[in-house]
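Quick notes on the structure that follows.
Any read-out appearing in this document is the output of simple, stated calculations on the displayed coordinates, not a laboratory observation. All values reported here derive from a predicted model rather than from experimental measurement. As a convention, Cβ positions derive from the backbone with ideal geometry for all residues, glycine included, and neighbour counts pool all protein chains shown.
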Amino acid sequence: MRLNLKKIAAMLLLVALPSGAPMAEEVPAAAVADNEIRIGNVMPYTGPLAAFGSIGRAEAAYFDMVNEHGGINGRTVRFISYDDSADPVTTREQTRKLVETDKVWLMFGSFGTPQNLAVRPYLNERKIPQLFIASGDEEWSRPKSFPWTMGFPPTFRAEGRIYANYIQASYAERRIAVLWQNDQFGRDMFRGLQEGLGDTARMIVSDIAVDGSEKSVDAQIDVLQSSGAEIVLLDVAPPIAALAIRRMNDIGWHPVLLLDNASASIANALRPGGLENSIGVISTAFLKDASDPAWKDDAGMKAWSAFMDKYYPDGDKADSNAVFGYAAAETMAQVLRQCGDDLSRENIMHQAASLNHFQSSVVLPGIAINTGPSDYRPIEQMRLVQFDGYTWQPIGEVIESAFVGTTGQDRPN
């Protein structure tokens with residue numbers, strides 16, 4: 001009979017421990033004794049931000065695929081995801097359940113800024129990895145203060161600077177209006193826009209904050225139109241973006257329209273807002289657009305399409321959030337593969353901070369995923385894109401988003 005030395009070592013350690021003594025963290029029970037890696041996740045599957053729930057569904061489907069192909073280094077991935085309806089109080093409850101009841105070894109890919117801020121102290125105090133958060137807040141890049149927390153997409157603030165640079169280059173001295181979401185996401189992007197504009201921020205003639213649960217923004221759009229603005233930035237979640245796009249068309253107002261990356265989903269924002277109404281909308285991208293025929297022969301997108309057909313057949317291939325979830329899960333799998341047989345939480349964080357030009361199969365060419373001990377921003381490049389009624393078409397070259405309109409001194413250490 002073949003002996004499993006790892007299991008024997010774990011059993012001997014348990015025997016050696018005094019009654020009631022906790023098992024040392026260096027021996028991950030889920031990963032060693034059960035040959036399983038338990039990963040926790042919290043998503044808004046219900047509520048006003050439910051459109052982002054497809055991120056978690058795509059991630060779950062990805063790990064189903066991984067397990068069907070033998071797992072990671074011979075271990076099965078058990079992905080446990082709960083709904084929090086984007087409520088930070090519920091996020092805390094569900095995260096505690098995942099850690100204390102489900103015994104997950106790490107948290108991965110949970111959505112939202114206030115939600116992840118609510119659990120960051122809890123996870124860092126317990127030295128539990130909080131990896132590849134689905135939020136572009138700068139708070140996820142504070143390795144000195146919160147060494148167990150890391151984001152994934154480019155920051156909202158940097159994205160705002162990209163729009164500012166585009167406006168200055170293409171529409172200098174034009175009046176600008178902003179519809180922004182009254183939360184950290186909205187404030188960060190609006191702040192980046194103002195910083196990037198510098199002295200020309202005086203051209204912002206109107207800005208209105210809205211709640212993410214608004215059922216109508218007709219009045220707000222009417223006010224922005226009356227300001228005489230020629231350029232509008234929609235710095236809001238997909239349902240609000242759809243309402244705004246439809247209202248602009250209804251009143252015959254056609255300014256230069258900029259749309260934040262988080263809402264640049266054909267399925268969740270442009271289609272509900274009207275595809276014809278959305279022609280000409282400008283946004284940013286770091287992921288391939290599954291609707292773009294330019295990728296029909298791309299190996300990565302062919303594999304993604306086959307994955308959707310088999311493992312996530314209820315998903316919408318026009319939903320960019322499904323591509324995002326796939327990219328994040330692909331990156332998480334790479335980190336776990338780099339860990340080899342050392343699945344201590346310390347090594348998981350070490351490998352997460354050791355990604356060197358990792359090329360996700362669904363990230364745009366020219367964009368690589370890089371991290372380091374003082375660099376907790378995996379993706380720092382984007383490119384401008386414009387919607388042509390069918391797909392997002394690229395504008396210009398890849399932009400180093402971390403340094404647009406600023407200097408390296410602004411980058412957290």
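Here are some notes:
- Shape of the range 100-156, Cα gyration tensor, a/c cut at 1.5: prolate
- The stretch between Asp102 and Arg174, if pulled fully straight at 0.36 nm per residue, gains 20.5 nm over its current Cα-Cα span.
- Summarising the strand pairing of the chain, around 30 percent of its internal DSSP beta bridges are antiparallel.
- Rough spin-label spacing in nm, given labels placed 7 Å along Cα→Cβ, for Lys127 and Asn356: 2.6
- Between Arg202 and Asp250, residue separation times 0.36 nm minus the direct Cα-Cα distance comes to 14.4 nm.
- Backbone amide hydrogens, once placed in the peptide plane, bring Ile72 within less than 5 Å of Val77, excluding anything fewer than 5 places away on its chain.
- Split the chain at each of the trypsin sites (Lys or Arg not before Pro) in a DSSP loop with at most 11 other beta carbon atoms within 10 Å, and the longest piece is 3-143.
- Residues whose amide H falls under 5 Å from that of Thr284, counting only those 5 or more places apart or on a different chain, are Asn261, Val385, with hydrogens built in the peptide plane.
- Coarse-grained scattering of the chain at q = 0.08, 0.11 Å⁻¹, given as base-10 log I(q)/I(0) from a Debye sum over alpha-carbon atoms: -0.43, -0.80
- In terms of its C-alpha gyration tensor, the range 37-149 has an oblate overall shape, because the principal axis ratio a/c (a ≥ b ≥ c, square roots of the eigenvalues) is not below 1.5 and a/b does not outweigh b/c.
- Each label point was placed 7 Å from the Cα along the Cα-to-Cβ direction; for Glu276 and Asp309 their separation is 3.3 nm.
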